[in-house]
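Structure record follows, encoded as structure tokens.
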Amino acid sequence: MPKRTLRRAIEGYRRDEARARVGRWRGEASAESEQEVLSGYAWLARDEGLERLAEAEEEGSLGADEARAMRAQLADLHAERVLGQTRAAWRALPARVLERDGHRVPCGDLVEAV
């Protein structure tokens, strides 16, 4: 994969993420969430992103410093994806119910108790 294609995808994600973040700060109803923006670039945050980076390195189109910088970008995207999933799970937690000592206890009550 040519490095410019990978670089363009990373730059596109960063641009779209910044646009959505500004929209959320302004309170725009149409602003995308972090997860919505990332969904369009999900391949970057998965193994496919690393595979494409390895292909670009094998082609010799990336220098060592540029490859490290792109790896850091991909690691950041992966961390954002996992953090978004964690936030979504945390927001859903109060609505869930657990079985505890034969009783059903809303997780929200347990979280408030902590």
Looking only at ALA95, ALA67, ALA56, which one moves most when the chain is put into a Gaussian network model with springs between Cα atoms under 10 Å?
-> ALA95
Square roots of 5 times each gyration tensor eigenvalue, C-alpha, the range 22-69, largest first, Å = 32, 13, 6
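Tally Lys and Arg at +1 and Asp and Glu at -1 over the other residues with C-beta under 13 Å from the C-beta of ALA75: what net charge comes out?
Values: positive: ARG46, ARG68, ARG71, ARG81; negative: ASP47, ASP76, GLU80.
Charge balance near ALA75 sits at +1.
Helix-only mean residue ellipticity at 222 nm, the chain, DSSP H runs n ≥ 4 weighted -39,500 (n - 2.57), per residue, nearest 500. What is it? Please list the in-between numbers first.
Numbers: 5 runs with 78 residues, N = 114.
After summing the helix terms and dividing by the residues of the chain, the value is -22500 deg cm²/dmol.
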Charge-dipole axis of the chain as Lys and Arg at +1 and Asp and Glu at -1 on Cβ define it, positive-most pick from ALA29, LEU6, LEU53 | ALA29
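The range 22-114: Rg/Rh from Cα coordinates, Kirkwood Rh? Let's see the in-between values first.
Numbers: Rg = 19.8 Å, Rh = 16.5 Å.
Radius of gyration relative to Kirkwood radius: 1.20.
Laboratory data are not the source of any read-out in this text; all were calculated from the coordinates shown. Values in this document were obtained by computation on a predicted structure and should not be read as measured data. Every residue, glycine among them, receives a Cβ derived from its backbone with ideal geometry; neighbour counts consider all protein chains shown.
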